[in-house]
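**Student:** Attaching a single structure in structure tokens format; questions to follow.
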Amino acid sequence: MTDASTHAAGPGRLDDREALMRAALDGDQAAYATLLHGLGGWLRGYFRSRLPASAVDDAVQEALIAVHEKRHTYRPGLPLLPWVAAIARYKWIDWLRAMPRHEDPLADDLADAPRDAPVQAAAELDALLARLKPAQARVIRLVKLQGFSVAEASRTTGQSESLVKVNIHRGLARLSRHVREAAPEA
């Protein structure tokens, strides 16, 4: 087995996470522990802006368990973070479904938050991206929001690198038009 220090992942470095996952799939327990620790931090940030503070740790643990249980579905060579993000999103939806309908899941934790809080911004961004073609929205999320390279987005989506660039350009142009049209006249 390899020493965990040889797998030290820098924050946000997808290639390091992917290398850790490949080593973990090959049975390297130290790499797996390092990977899960790093993903725990990423998941905490993901859930912090989407769930009440009291639910964040539980949601992180549930997502890490799901990563563990579904690790056999990860395809080495593809970016790891979209795979993890999909799992996190399903866990987030599970949490939302489990909350009583009359309960505002963020009311207590964000009562004093300004209107432009990250949750509101994320909801508005989701609404804008929903106006795009799915292929455009997906590559914009990957490249512009999650920091993927065009090549990584191409491998993840199956679109050629040229098509990724075109979809980003056209999608951003369309978003710009929507924002301009929705802006009140000065």
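The values are calculated or read from the model by the stated rules, or taken from the named source; none is laboratory data. What you see is a predicted model; the values in this text were computed from it and never measured. A quick note on method: Cβ atoms are made from the backbone with ideal geometry, for glycine too, and the neighbour counts reach across all protein chains shown. These accessible areas exclude ligands, DNA and RNA; they are computed on the full protein's heavy atoms, side chains included. Shrake-Rupley method; radii C 1.70, N 1.55, O 1.52, S 1.80 Å.
**Student:** Across region 20-76, which residue is farthest from L125 (Cα to Cα) among those that are without any contact (Cβ under 8 Å) to a residue 24 or more places away in the chain and in a loop (DSSP other than H, G, I, E, B)?
**Tutor:** This residue is D26.
**Student:** Here is a check on your reading of the model: is D57 of a type in the set (D, E) and touching a Lys or Arg at 6+ places or on another chain (Cβ under 9 Å)?
**Tutor:** When the stated conditions are applied, D57 passes them.
**Student:** Could you tell me which residue of region 6-27 is modelled with the highest pLDDT, considering only residues that are among the basic types (K, R) and closer than 23 Å to L145 by Cα?
**Tutor:** The initial filter retains those residues of region 6-27 that are among the basic types (K, R), namely 13, 17, 22.
Restricting the remaining residues to those that are closer than 23 Å to L145 by Cα gives 13, 17.
Numbers: R13: 46, R17: 84.
Going through the qualifying residues, I end up with R17.
**Student:** Within region 70-81, is even one residue surrounded by 13 or more Cβ atoms within 10 Å (Cβ to Cβ), among the aliphatic types (A, V, I, L, M) and modelled with pLDDT of 85 or more?
**Tutor:** Yes, region 70-81 contains a residue that is surrounded by 13 or more Cβ atoms within 10 Å (Cβ to Cβ), among the aliphatic types (A, V, I, L, M) and modelled with pLDDT of 85 or more.
**Student:** Could you figure out which of (1) open to solvent by 80 Å² or more (accessible area, probe 1.4 Å); (2) of a type outside the set (D, E, K, R); (3) touching a Lys or Arg at 6+ places or on another chain (Cβ under 7 Å) isn't true of L145?
**Tutor:** Checking L145 against (1) open to solvent by 80 Å² or more (accessible area, probe 1.4 Å); (2) of a type outside the set (D, E, K, R); (3) touching a Lys or Arg at 6+ places or on another chain (Cβ under 7 Å), the one that fails is (3).
**Student:** Still on this model: State yes or no: is Q136 buried (at least 19 other Cβ atoms within 10 Å of the Cβ), among the polar types (S, T, N, Q) and within 19 Å of the chain's Cα centre (by Cα)?
**Tutor:** yes
Residues are listed down the side, and each one gets a yes or a no for (1) open to solvent by 30 Å² or more (accessible area, probe 1.4 Å); (2) among the hydrophobic types (A, V, I, L, M, F, W, C); (3) outside any loop (DSSP other than H, G, I, E, B):
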position: Q159; (1), (2), (3): no, no, no
position: K165; (1), (2), (3): yes, no, yes
position: I168; (1), (2), (3): no, yes, yes
position: S176; (1), (2), (3): yes, no, yes
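**Student:** With the checklist (1) at pLDDT 85 or above; (2) surrounded by 16 or more Cβ atoms within 10 Å (Cβ to Cβ) in hand, flag the one item I65 doesn't pass.
**Tutor:** (2)
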